[in-house]
Every structure is written in structure tokens, then in C-alpha cells.
Amino acid sequence: MTMLQGFQIALHALRLNPLRSFLTMLGIVIGVASIVTVFAIGSGAQLRLQEQIRSIGANVLMITPGAVYQGGVRLKDGSKLTMTEGDVQAILEQIPEIQAAAGSLAGTAQVIHEGKNWNTTINGTTTGHFMVRDWQLASGRYFSGAEESGAGKVVILGSTVARELFAPGDDPIGAQIRIMKVPLEVVGVLDRKGPAQDDVAFVPLSTAKLRFLGSASNINRDSVAYIIAKVAADGQMAGARAEIEGLLRQRHRIPAGQEDDFKVQDPAAAMEAQQGAIRTVALLLVAIASVSLLVGGISIMNVMIVSVTERTREIGIRRALGGRMRDIRLQFLCEALVLCLLGGAIGVAGGITLSMTVARMAGWVTSIDSEAIGLALAFSIVTGLIFGFYPAHKASRLSPIEALKTE
Amino acid sequence: MTDQSPLISLRSVSRTYRTDGIAVTAVRNVSFDIAQGEIVAVMGPSGSGKSTLMNMIGLLDLPSEGAVHLEGADVAGLSEDRRSSLRARSIGFVFQSYNLLARHNAIENVALPLVYCGVGRKARLARAEACLQSVGMLHRAHHFPRQLSGGEQQRVAIARALIASPLIVLADEPTGALDSRTGAEILALFAALNRTGQTIVMITHDPSIATQCRRTIRLHDGELVSDERVAELVPRRSAVS
Ligand SMILES: Nc1ncnc2c1ncn2[C@@H]1O[C@H](COP(=O)(O)OP(=O)(O)OP(=O)(O)O)[C@@H](O)[C@H]1O
Ligand SMILES: [Mg+2]
């Protein structure tokens with residue numbers, strides 16, 4: 001008997017009881033589906049992080065507000081904007097390792113162009129922001145000095161916003177768009193940097209303060225929400241960081257022993273650490289999913305043992321008609337394999353569907369790679385072989401005479 | 001196959017079963033030959049060892065003592081796999097309870113032994129069709145065993161026994177589960193087969209069936225008590241329809 005005939009017999013036997021066959025392979029289906037999904041979500045999260053790391057740019061430090069004390073009560077980090085444009089200026093002028101720096105204020109708003117409407121992040125900043133992030137223009141120009149100091153009604157669009165507001169043939173440069181009823185002229189469109197980065201519109205910092213946040217009372221005229229700064233070389237990161245901390249403590253008049261009201265972070269390093277954590281969690285989840293594969297294998301073995309008992313007479317007949325022991329073994333092994341492979345295939349399809357659903361519903365990035373699918377299928381084949389072998393071996397060892405006597 | 005050496009030859013064959021230290025000798029010191037083209041009835045009371053003897057002739061079992069020769073070769077010297085292959089090609093079993101695979105239709109059942117002879121699907125089905133035709137069951141080729149009467153199932157089973165053109169057909173009470181009329185039809189089928197030269201060994205309890213065979217072997221308590229041949233001139237009450 002050939003392998004092919006073994007598979008034909010197996011398929012015939014499994015088709016006779018589709019519900020039972022499906023329930024038997026359910027454990028494998030669930031196991032493989034979870035492995036594929038976990039892989040997809042895990043590698044999606046990694047890709048997203050890598051993209052973020054890339055988009056921040058190399059050797060970038062980020063300074064955000066820290067804890068503040070008001071009447072002896074410690075307020076949450078970031079509850080007060082503690083940095084100013086003066087801080088940006090001081091960092092740029094007094095720390096030689098810093099090549100570029102920019103402060104930002106950000107919020108979300110509707111952006112409108114001729115009946116097209118898009119909700120996006122509005123970032124008020126200076127041209128230095130693009131220098132820090134090595135962010136090139138696809139067309140147009142950056143802000144001019146006059147626009148930066150004089151609250152110019154100009155805007156630079158991220159590629160997503162440009163795509164959403166303008167038809168493919170339209171040149172956005174020179175067009176008028178409106179943000180919170182303020183008409184602005186598009187002066188530049190940025191290069192693509194990644195889906196999470198490109199959904200943004202930049203205006204001069206002075207424009208953001210004067211025209212969008214003007215009435216907000218809790219904002220100091222001079223405040224910025226965060227500062228990004230570019231360090232000249234990789235080896236200077238730690239030194240530059242210490243210098244910024246010293247400078248800002250001095251400028252903010254923080255006495256020795258009191259907590260800083262700002263935080264200096266290396267976002268790329270933090271994200272790399274996060275990436276390691278994601279990998280660990282993903283591996284843990286895969287390990288858990290593998291347990292359900294194991295359970296699935298045991299369930300197949302269980303059903304196969306029952307099936308061998310039920311079909312003892314069939315085995316006796318096949319042996320009497322000339323089936324060799326190895327033919328019987330092959331027949332039942334093929335059955336277990338078909339169950340596992342079919343379960344694996346359904347599981348892969350289910351896993352792909354599930355991770356695409358997760359991607360859509362939760363807005364996570366998922367990435368299905370063929371390696372994970374191959375691994376899951378290989379797992380199910382191995383499971384079939386391991387858990388199918390014992391029942392198949394048992395079937396092949398039955399004495400044909402005894403087997404023929406059973407009912 | 002040479003004309004001198006018999007098809008099957010049993011030499012002082014004994015078969016002893018040992019369960020829990022108790023030894024039961026089902027077949028004791030039996031010797032006889034079966035030549036090509038014979039039709040032999042095996043008779044004896046229940047428990048006299050007929051089925052045990054048949055299993056040894058059919059290579060399903062080996063003697064505890066003595067030797068079974070198939071075409072001059074001692075079957076004890078053959079490997080388990082080799083004996084299985086010989087069963088596929090050289091032995092055709094017919095059982096009292098038909099033993100068709102319930103989940104396969106008639107033609108697939110008939111074709112089954114050829115799976116173990118390495119014959120491809122198309123050729124298998126073509127030969128199965130011819131065999132079904134020869135037992136008059138072609139019109140039921142795609143029926144499942146449960147859709148067939150006992151007599152019809154036994155015809156299908158006989159077609160299955162014949163499909164690999166075996167050296168010998170071994171039938172263990174093939175009419176035991178059938179009424180006398182249907183039994184007679186099945187018997188007629190065997191008789192017709194034998195006239196074409198097919199060697200047949202048939203276990204039966206029915207003396208009237210035995211008289212239609214030219215040779216009758218009687219067992220008692222595992223021992224051979226008589227081996228009679230009926231002269232050719234005695235007319236057979238054949239029931240050929
Ligand atoms: N596997 C076995 N283990 C122990 N004893 C056995 C076994 N098989 C058969 N026997 C014994 O061997 C003897 C002969 O059995 P066998 O089946 O050959 O009889 P039989 O002539 O075919 O009977 P029947 O006409 O009822 O079918 C019986 O006494 C039976 O109990
Ligand atoms: Mg018997």
C-alpha cells in the first residue's frame with residue numbers, strides 16, 4: 001500500500017463522520033490559530049516599534065515635563081507644562097553637543113479642504129523639529145523665520161493628511177486649508193516616514209499659540225509641551241543628557257535634593273527595551289498556545305485509540321485480505337496526519353482571519369509571515385506523527401484471527 | 001506449480017492454544033494434501049478444530065507442530081509480511097458473516113484485496129466489475145452492505161475472494177447464515193467455480209452440502225477421522241440456475 005492510498009483511505013474514513021473528525025481536530029485548530037495570531041500580533045508590534053524608532057531619528061533626546069509640587073502636593077507627571085522656549089534656546093546655545101532642538105505643542109483638530117475633512121494631530125513647532133528628526137520634504141519648503149516669529153498662517157502636511165485632503169493629481173502647495181476656522185496656506189508636504197508618523201499637520205509654534213491655544217489660560221505664553229534635541233554623535237548621548245539635566249535644573253531653580261520637574265529620555269533606547277519585552281511576552285504566549293496544540297494532539301490520540309477499538313473487525317478483515325502490519329499502521333498514521341494537517345490548515349486560516357480582525361478592530365499592526373505559518377504546520381505534522389503513532393502501532397499489532405472474532 | 005507437488009500439503013500438523021497455563025489442542029497430528037482443482041468439504045462438530053485448520057491453510061496462523069506447505073514451500077519459513085502478501089495474491093477467504101466493510105460499497109469491497117497487491121485504482125475497479133459480473137451482482141455495485149440481503153452480501157464476498165485469482169478459496173461455513181434456498185444458490189456458485197478449475201475448501205455443518213463435494217474431510221476433537229472421496233460417476237445434485 002502506498003502513502004497516497006493511505007491518505008485516500010484516511011480521507012474516506014474521516015468524511016464518514018465529519019462532525020467527529022472536526023471535533024477531534026479542534027484542539028489542533030485552536031492551537032495553530034493561536035500560534036499564528038500571536039506571531040502576527042507580536043511581529044506586528046515589533047515592526048511598529050522599529051518604525052517608530054526609525055521615525056524618531058538617530059541620537060535624539062526627548063525632554064518632557066516631570067512631577068511638580070504645588071503647596072506640598074506632588075502632581076502627576078506632565079500635569080503642568082514646565083518647559084519654555086527659553087529652555088530650547090539655552091539648550092541649543094549652551095550645550096555644544098546639541099546640533100538642533102525644537103519645542104512643540106500638540107493637539108488634535110479637524111483639517112478642512114474644500115469639503116474634505118480629516119481629523120489629525122496639529123503640532124506647533126519650529127523648523128528645527130524636522131532637522132532633529134531628519135525629516136525631508138516631498139515638496140515645498142519649511143517655515144521661514146518671519147513665519148516662525150510672526151505667527152504665519154502656513155502649514156506643512158504629513159503625507160497621510162495630504163493624501164486625505166487632496167485628490168491624487170492635485171498639488172497641495174499653495175492651497176488654502178482651514179484648521180479651527182483659521183485659513184492656512186500649505187507651504188510643504190513631508191516625506192513618508194511610516195503610517196503612525198505621517199498623520200500630522202505642522203504649524204509654526206507661534207501660530208499654534210496665537211491662533212489655536214490663545215485663550216487657554218493654563219498655558220504660559222512661553223511654554224512648550226516637549227522638546228526634542230539632536231545629539232551630534234552616538235557616543236555623546238550620555239554626556240549631552242547630563243548637561244541638559246544640569247542646565248534645566250539651574251534654569252528651573254530646582255534646589256539640590258528635590259525631584260526634577262522634567263525628564264530627559266532616549267526614546268530609541270526605551271523602545272529597544274520595549275521591543276525586548278514584547279519579544280518575551282510573544283514567546284510566552286506562543287508557549288501557552290503550544291500547550292493547546294499538545295492538548296489537541298492528546299485528543300487526536302484518544303479518538304484514534306477509540307477508533308482502532310471500534311474498527312478491530314475492519315482491521316481483521318484487511319489483514320485476512322492481505323494487508324501487512326505496516327499497511328495497517330500506515331492507514332491509521334495517515335488518518336492522524338490528515339486530522340492534524342487539516343486542523344493545521346483550518347487553524348492557519350482561522351489565525352489569519354483572527355489577526356486581521358484584531359488589526360482592524362483594535363487598530364494594531366499585525367504581520368503574518370510565512371515562517372510562522374510553516375512553523376505551525378510543521379508543529380501539527382509532528383503532533384500527528386507523535387500522537388498517531390501509538391494507536392497506529394496498536395492497530396497493526398492486532399492478531400487477525402482475534403480481530404475477526406470481535407463484533 | 002508443478003503437477004507432482006500438491007497445492008497444499010499438511011504434515012502432522014498440530015495447533016495448541018495456551019491460555020493461563022491450560023493447553024488446548026485444537027488440531028492434533030493432521031496430515032492431508034489438496035491438489036489443484038479439488039473441492040473439499042471439511043466437517044465436524046463444533047469445536048473440533050475446523051476453523052483452526054482453515055486459519056493455518058490460509059496463512060493466518062502457524063502450526064505449533066508439523067508443517068503446512070503451500071506449493072511445496074513450508075509457510076513457517078516465510079516472514080509475516082510475506083505471508084500477508086501471499087494472502088492477498090493466493091488465498092481467497094469467504095466467511096460465514098460475510099465480513100464486508102460496512103462503510104464501503106460493493107465494488108470497493110470487491111477491489112480491496114488488490115489494494116494490497118499494489119494494483120492501481122482504475123485497474124482495481126475494472127477487475128472488481130468483472131468479478132461482480134461473474135457472481136451476478138454487477139447491478140448492485142454501488143450499494144452498501146447494509147442495503148444488500150445476506151445472500152447478496154455473500155455473493156459480493158465471493159467476488160472479493162476471487163478478484164486476485166487466488167490459488168485456493170477458503171470458505172468457513174459460507175451458507176451458515178443463509179436460508180436453505182439461498183444457501184443452495186451460493187453452493188451452486190462454488191460448484192460452478194470449481195468446474196472452471198478453482199480449488200475450494202469449504203467448512204460446512206450440512207451433510208447435504210458435503211455430499212456435493214467430491215471429497216469430505218471429517219474432524220473430531222482436532223483429529224482427522226476420515227478423508228473420503230466420492231467417485232466421479234455419482235451424479236451431483238447441483239442447483240445451477
Ligand atoms: N484463541 C484461542 N485460544 C484458546 N482456545 C482456542 C482459541 N481458538 C480456538 N480455541 C479452541 O480450539 C478449539 C477448536 O476451535 P475452532 O474454532 O477451530 O472450532 P470449529 O470446529 O471451527 O468450531 P465451530 O464449528 O463452532 O466453528 C475449541 O475448543 C476452541 O475453544
Ligand atoms: Mg469455526
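The values are calculated or read from the model by the stated rules, or taken from the named source; none is laboratory data. Here the structure is a predicted model, which is why all the values come from computation and not from measurement. Note: ideal-geometry Cβ built from the backbone for every residue, glycine included; neighbour counts use all protein chains shown.
Annotations
- Hey, B:S31 more than 16 Å from ligand 2 (Cβ to nearest atom), small (G, A, S), touching a strand residue (DSSP E or B) at 6+ places or on another chain (Cβ under 6 Å) and at negative phi or not: yes
- Residues that are among the aliphatic types (A, V, I, L, M) number at least 2 in the following helices (runs of 4 or more DSSP H) confined to the range A:91-169: A:128-132, A:159-165.
- Residue count for the range A:156-172, restricted to those that are at pLDDT below 90 and crowded, with 22+ Cβ neighbours inside 10 Å: 0
- Test set (1) surrounded by 24 or more Cβ atoms within 10 Å (Cβ to Cβ); (2) within 14 Å of chain B (Cβ to nearest Cβ) - A:E310 fails condition number: (1)
- Of the residues making up the range B:133-176, those that are outside any loop (DSSP other than H, G, I, E, B) and within 16 Å of ligand 2 (Cβ to nearest atom) are B:L170, B:A171, B:D172.
- Hey, A:G316 of a type in the set (G, A, S) and within 14 Å of chain B (Cβ to nearest Cβ) or not: yes
- Scanning the range A:266-284 for residues that are at pLDDT 85 or above and surrounded by 15 or more Cβ atoms within 10 Å (Cβ to Cβ) turns up just one, A:D266.
To keep it simple, each residue is scored yes or no on (1) free of Cβ contacts under 8 Å to residues at least 60 places away in the same chain; (2) surrounded by fewer than 20 Cβ atoms within 10 Å (Cβ to Cβ); (3) part of a helix (DSSP H, G or I).
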residue	(1), (2), (3)
B:S84	yes, no, yes
B:R89	no, yes, yes
B:Y98	no, no, no
B:L101	yes, yes, no
B:P113	yes, no, yes
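- Screening the candidates B:R160, B:R146 for the property of being surrounded by 16 or more Cβ atoms within 10 Å (Cβ to Cβ) and within 14 Å of chain A (Cβ to nearest Cβ) yields one hit, B:R160.
- Sole exception among (1) more than 9 Å from chain A (Cβ to nearest Cβ); (2) within 21 Å of A:R319 (Cα to Cα) for B:R140, by number: (2)
- Count of the range A:369-397 residues which are of a type in the set (F, W, Y) and surrounded by fewer than 16 Cβ atoms within 10 Å (Cβ to Cβ): 1
- Restricting attention to the range B:49-61, the residues being in contact with a Gly (Cβ under 9 Å, 6 or more places away or on another chain) and near ligand 2 (Cβ under 9 Å from one of its atoms) number 3.
- In the range B:33-52, of all residues being out of contact with any helix residue (DSSP H, G or I) (no Cβ under 6 Å at 6 or more places or on another chain) and more than 16 Å from ligand 1 (Cβ to nearest atom), the one that is nearest to the other protein chains (Cβ to nearest Cβ) corresponds to B:I34.
- When B:G66 is tested against the conditions (1) away from ligand 2 (no atom under 16 Å from the Cβ); (2) within 20 Å of the chain's Cα centre (by Cα); (3) buried (at least 17 other Cβ atoms within 10 Å of the Cβ), the lone failure is (2).
- Checking B:L78 against (1) in contact (Cβ under 8 Å) with a residue 40 or more places away in the chain; (2) more than 16 Å from ligand 2 (Cβ to nearest atom); (3) within 30 Å of A:D327 (Cβ to Cβ); (4) not hydroxyl-bearing (S, T, Y), the condition it does not meet: (1)
- In the condition set (1) in contact with a helix residue (DSSP H, G or I) (Cβ under 7 Å, 6 or more places away or on another chain); (2) more than 14 Å from chain B (Cβ to nearest Cβ); (3) not in a helix (DSSP H, G or I), A:M1 is compliant with all but (2).
- Among the residues listed as A:G44, A:G57, the single one being more than 14 Å from chain B (Cβ to nearest Cβ), modelled with pLDDT under 90, in contact with a Phe, Trp or Tyr (Cβ under 8 Å, 6 or more places away or on another chain) and on the phi < 0 side of the Ramachandran plot: A:G44
- Only residues that are away from ligand 2 (no atom under 16 Å from the Cβ), among the hydrophobic types (A, V, I, L, M, F, W, C) and modelled with pLDDT under 90 were counted in the range B:177-223, giving 1.
- Qualifying position, being within 11 Å of chain A (Cβ to nearest Cβ), touching a strand residue (DSSP E or B) at 6+ places or on another chain (Cβ under 8 Å) and at pLDDT 95 or above, among B:V94, B:V110: B:V94
- Residue within the range B:19-26 that is without any contact (Cβ under 8 Å) to a residue 12 or more places away in the chain, away from ligand 2 (no atom under 16 Å from the Cβ), out of contact with any helix residue (DSSP H, G or I) (no Cβ under 7 Å at 6 or more places or on another chain) and within 14 Å of chain A (Cβ to nearest Cβ) present: yes
- From the options B:L10, B:L60, residue that is closer than 27 Å to A:R318 by Cα, part of a strand (DSSP E or B), within 16 Å of ligand 1 (Cβ to nearest atom) and touching a helix residue (DSSP H, G or I) at 6+ places or on another chain (Cβ under 8 Å): B:L10
- Annotation note: of A:A256, A:A277, the sole residue that is without any contact (Cβ under 8 Å) to a residue 24 or more places away in the chain, more than 14 Å from chain B (Cβ to nearest Cβ) and either among the acidic types (D, E) or not in a helix (DSSP H, G or I) (or both) is A:A256.
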